[in-house]
Ligand SMILES: Cc1cc2nc3c(=O)[nH]c(=O)nc-3n(C[C@H](O)[C@H](O)[C@H](O)COP(=O)(O)O)c2cc1C
């Protein structure tokens with residue numbers, strides 16, 4: 001179903017639609033409608049173990065070109081919210097195995113997003129009530145959630161963090177490497193490194209926060225170090241063609257203000273990641289749809305990153321505006337679109353889009369929850 005661009009300059013280039021297949025460096029995806037990573041806080045406690053509920057949820061979505069499974073902490077320290085799953089214990093590996101087996105049985109493809117929240121956490125979630133860690137000992141005004149004694153979730157300000165010592169960085173890397181081995185054992189087709197949304201890797205990337213004076217902060221090449229070293233661990237474990245990276249260029253959520261060299265940082269990140277031949281680069285535009293590519297994450301920056309990465313670009317942040325997503329794909333800004341909220345309420349989103357079937361709205365009240373309600377009970381329409 002390839003269409004040809006009308007613009008004379010590109011008249012020889014077929015422009016893809018959401019319904020065209022894509023090869024992610026050899027991984028054949030039947031369409032370009034990807035499932036964005038979505039934290040739903042339904043892992044079993046104690047132990048933060050995914051289970052049958054997750055297997056059913058992801059299997060229902062096996063027709064997405066690629067499923068990027070929810071942010072999953074690489075270690076107990078990497079946790080910032082109640083009931084988010086981990087990928088470091090044998091029980092978690094067994095739980096995730098249920099998921100990957102069900103998805104593969106349904107002919108799907110699934111990557112796992114690897115997460116360390118850094119300072120976006122609370123002493124409540126940390127072993128022995130210790131302080132969360134970050135690039136700097138600067139508290140975020142951002143919020144996390146904790147469970148009260150009666151089981152209710154409550155939003156609270158993130159706790160005061162401590163800065164990781166230089167000597168601790170190898171231990172952080174080993175935690176990532178261990179989680180990658182676990183993800184491999186659990187049968188994932190690949191991993192996505194979570195470098196977005198102001199979590200640990202983003203806290204190292206940030207020029208407004210990370211003014212460390214060691215090799216892990218200050219200058220751009222130092223701020224990129226954690227992202228690239230973690231990426232290289234992923235490449236060693238999975239091979240470059242099965243490692244994706246998610247960034248949120250110019251994002252400023254959870255108290256990480258935009259910095260004057262952020263654009264240059266993003267261009268250099270794209271270049272360095274591109275040189276590694278990764279599966280894809282996933283760009284979440286925090287400013288869409290209110291200011292479509294008008295800034296701070298501009299279309300020009302998106303194009304520069306695409307050019308430097310020189311590999312598959314996944315775009316995200318369109319809400320329910322699938323027409324704009326399709327337009328950006330056809331305009332050559334990206335190669336696939338990850339849908340978040342629409343994937344929650346439309347388990348058969350690729351088929352619905354292909355058939356022109358009406359899309360179901362999502363219910364934010366059940367984004368988090370303890371059971372199948374709002375999770376596994378959205379019906380198919382195709
Ligand atoms: C309930 C919910 C959970 C989310 N969890 C994650 C996550 O685990 N990892 C991540 O990188 N982004 C997460 N996001 C952001 C989404 O992946 C996506 O970037 C955002 O929803 C914008 O895309 P959309 O407009 O298609 O929904 C979450 C968003 C929502 C609504």
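The values are calculated or read from the model by the stated rules, or taken from the named source; none is laboratory data. From a predicted model like this one, the values you see are computed outputs, not experimental measurements. Virtual Cβ from ideal backbone geometry, glycine too; neighbours counted across all protein chains shown.
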Members of segment 167-192 found to be farther than 16 Å from residue 116 by Cβ and within 16 Å of the ligand (Cβ to nearest atom), listed by number: 188, 190
Exclusive hit being under 30 Å from residue 32 (Cβ atoms), in contact (Cβ under 8 Å) with a residue 24 or more places away in the chain and assigned to a loop (DSSP other than H, G, I, E, B), set 137, 131, 62: 62
I want to confirm something. Restricting to segment 97-128 and keeping residues that are assigned to a loop (DSSP other than H, G, I, E, B) and within 21 Å of residue 171 (Cβ to Cβ), which single residue is farthest from the ligand (Cβ to nearest atom)? 126
Could you tell me how many of the residues in segment 235-282 are within 10 Å of residue 309 (Cβ to Cβ) and free of Cβ contacts under 8 Å to residues at least 24 places away in the same chain? 1
Candidates 195, 207, filtered to the one that is within 16 Å of the ligand (Cβ to nearest atom) and surrounded by 15 or more Cβ atoms within 10 Å (Cβ to Cβ): 195
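Taking the condition of being within 17 Å of residue 127 (Cα to Cα) and either assigned to a loop (DSSP other than H, G, I, E, B) or within 19 Å of the chain's Cα centre (by Cα) (or both), how many residues in segment 161-171 meet it?
The qualifying residues number 2.
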Within 16 Å of the ligand (Cβ to nearest atom), in a loop (DSSP other than H, G, I, E, B), surrounded by fewer than 17 Cβ atoms within 10 Å (Cβ to Cβ) and more than 19 Å from the chain's Cα centre (by Cα): is that true of residue 296 in this structure? no
Among the residues of segment 256-293, count how many are buried (at least 21 other Cβ atoms within 10 Å of the Cβ) and either within 18 Å of residue 240 (Cβ to Cβ) or in contact with a strand residue (DSSP E or B) (Cβ under 8 Å, 6 or more places away or on another chain) (or both). 12
Please verify whether residue 54 is closer than 18 Å to residue 193 by Cα, within 16 Å of the ligand (Cβ to nearest atom), in contact (Cβ under 8 Å) with a residue 24 or more places away in the chain and surrounded by 23 or more Cβ atoms within 10 Å (Cβ to Cβ), treating the condition exactly as stated. no
Matching residues, segment 30-44, being over 18 Å from the mean Cα position of the chain (by Cα) and surrounded by fewer than 22 Cβ atoms within 10 Å (Cβ to Cβ): 30, 44
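Per-residue answers, yes or no, for (1) touching a strand residue (DSSP E or B) at 6+ places or on another chain (Cβ under 8 Å); (2) at pLDDT 95 or above; (3) more than 29 Å from residue 212 (Cα to Cα):
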{"residue": "60", "(1), (2), (3)": "no, yes, yes"}
{"residue": "65", "(1), (2), (3)": "yes, yes, yes"}
{"residue": "89", "(1), (2), (3)": "yes, yes, yes"}
{"residue": "95", "(1), (2), (3)": "yes, yes, yes"}
{"residue": "101", "(1), (2), (3)": "no, yes, yes"}
{"residue": "146", "(1), (2), (3)": "yes, yes, yes"}
{"residue": "149", "(1), (2), (3)": "no, no, yes"}
Given (1) more than 23 Å from residue 209 (Cα to Cα); (2) within 16 Å of the ligand (Cβ to nearest atom); (3) modelled with pLDDT of 95 or more; (4) part of a loop (DSSP other than H, G, I, E, B), identify the lone condition not met by residue 249. (1)
Of the numbered conditions (1) in a helix (DSSP H, G or I); (2) more than 16 Å from the ligand (Cβ to nearest atom), residue 259 satisfies every one except a single condition; which is it? (1)
Working only within segment 353-370, note down all residues that are within 16 Å of the ligand (Cβ to nearest atom) and part of a loop (DSSP other than H, G, I, E, B). 359, 360, 361, 362, 363, 367, 368, 369, 370
Just to be sure before I move on: is residue 226 touching a residue at least 40 places away in the same chain (Cβ under 8 Å), part of a loop (DSSP other than H, G, I, E, B) and either within 16 Å of the ligand (Cβ to nearest atom) or surrounded by 18 or more Cβ atoms within 10 Å (Cβ to Cβ) (or both) in the structure I sent? no
Of all residues in segment 330-352 being crowded, with 23+ Cβ neighbours inside 10 Å and assigned to a helix (DSSP H, G or I), the one that is farthest from the ligand (Cβ to nearest atom): 350
Can you tell me which residue in segment 319-329 is surrounded by the fewest Cβ atoms within 10 Å (Cβ to Cβ), limited to those that are near the ligand (Cβ under 10 Å from one of its atoms) and touching a residue at least 40 places away in the same chain (Cβ under 8 Å)? 320
Please find, among 118, 129, 108, 142, the residue that is touching a helix residue (DSSP H, G or I) at 6+ places or on another chain (Cβ under 7 Å) and either surrounded by 14 or more Cβ atoms within 10 Å (Cβ to Cβ) or at negative phi (or both). 118
